[in-house]
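This report refers to the structure that appears directly beneath it.
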Ligand SMILES: [Zn+2]
């Protein structure tokens, strides 16, 4: 057990679906029964209550109740540091090939690209190689410094960046956002007319997620609090969908049986903190949205 472990009262609840705004019905909630220490963005935490998984009957998205208070969430991200784990990774060789191809299609010379939640900047490194002018937003102080050293412009927020970017990327991010609809709307204002927003997030309607139910590995991370359906993206009023495809997040997952065995063995040997079932089919969605002018 880490000495840094923090005990957190996770009692924050929503009254409406964070995606479509419909009122929550109690009958659609199920306890995740996930007691025990968990790693939250490199900080060890202990949640006092079970998280609750809720499904919206209107837009078919999922979200958690009994989450960490949003202010405390932000503090945990600021303290966190994942750069050690990721600093040697390479976007082009580690992300799924569909994802890399999509970035190559959307990003080009002198285009302004912003990566939100850029962590240690592998996506920005790749865009820079394609000739783009690269910007990042990141809460972790260590990650910010790391990206600045690599020549990416780090910005604090989107104020003063109206209609600025040709492409905004939010990879492995939306699932961490407490109010995802407000977030997507704020991004649309910073896109140029016809600019693109590219999102990579888990797909709660994927075959893997449906088979695993509440045991889907993706639900077990305390950082993951919202899970948008495909239908939700269809309902957006300020964007039109160019693409929504099922993908593996990482190339590792191209060997699903190997991955499954490796994961089960490591769970047994090392008593891992995530007890969910890993995916054996694509369980992420790559969504390309175009701003409506
Ligand atoms: Zn909804």
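The values are calculated or read from the model by the stated rules, or taken from the named source; none is laboratory data. The shown structure was predicted, so the numbers you read here are calculated from the model rather than taken from an experiment. Cβ coordinates were reconstructed from backbone atoms using ideal geometry, including for glycine residues, and neighbour counts include every protein chain displayed.
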Can you tell me which residue is nearest to residue 289 (Cα to Cα) among those in region 234-251 that are more than 16 Å from the ligand (Cβ to nearest atom) and not in a strand (DSSP E or B)? 238
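Okay, residues lined up against (1) modelled with pLDDT of 95 or more; (2) farther than 26 Å from residue 62 by Cα; (3) in contact with a strand residue (DSSP E or B) (Cβ under 8 Å, 6 or more places away or on another chain):
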{"site": "140", "(1), (2), (3)": "no, yes, no"}
{"site": "145", "(1), (2), (3)": "no, yes, no"}
{"site": "153", "(1), (2), (3)": "yes, yes, yes"}
{"site": "162", "(1), (2), (3)": "yes, yes, no"}
{"site": "170", "(1), (2), (3)": "yes, no, yes"}
{"site": "174", "(1), (2), (3)": "yes, no, yes"}
{"site": "178", "(1), (2), (3)": "no, no, yes"}
{"site": "190", "(1), (2), (3)": "yes, yes, yes"}
Find the residue count for region 104-132, including only residues that are out of contact with any helix residue (DSSP H, G or I) (no Cβ under 6 Å at 6 or more places or on another chain) and either in contact (Cβ under 8 Å) with a residue 24 or more places away in the chain or over 28 Å from residue 41 (Cβ atoms) (or both). 18
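Results for (1) buried (at least 17 other Cβ atoms within 10 Å of the Cβ); (2) at pLDDT 85 or above; (3) within 16 Å of the ligand (Cβ to nearest atom); (4) not in a strand (DSSP E or B), shown as yes or no for each residue.
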{"residue": "20", "(1), (2), (3), (4)": "yes, yes, yes, yes"}
{"residue": "75", "(1), (2), (3), (4)": "no, no, no, yes"}
{"residue": "89", "(1), (2), (3), (4)": "no, no, no, yes"}
{"residue": "104", "(1), (2), (3), (4)": "no, yes, no, yes"}
{"residue": "110", "(1), (2), (3), (4)": "no, yes, no, yes"}
{"residue": "119", "(1), (2), (3), (4)": "yes, yes, no, yes"}
Within region 180-233, how many residues are assigned to a loop (DSSP other than H, G, I, E, B) and within 16 Å of the ligand (Cβ to nearest atom)? 6
Checklist (1) away from the ligand (no atom under 16 Å from the Cβ); (2) at pLDDT below 80; (3) in contact with a strand residue (DSSP E or B) (Cβ under 7 Å, 6 or more places away or on another chain); (4) closer than 25 Å to residue 215 by Cα applied to residue 28, failing item: (1)
Within region 198-223, work out how many residues are within 27 Å of residue 75 (Cβ to Cβ) and buried (at least 22 other Cβ atoms within 10 Å of the Cβ). 7
Filtering region 54-65 down to residues that are part of a loop (DSSP other than H, G, I, E, B), buried (at least 20 other Cβ atoms within 10 Å of the Cβ) and out of contact with any helix residue (DSSP H, G or I) (no Cβ under 7 Å at 6 or more places or on another chain) yields 56
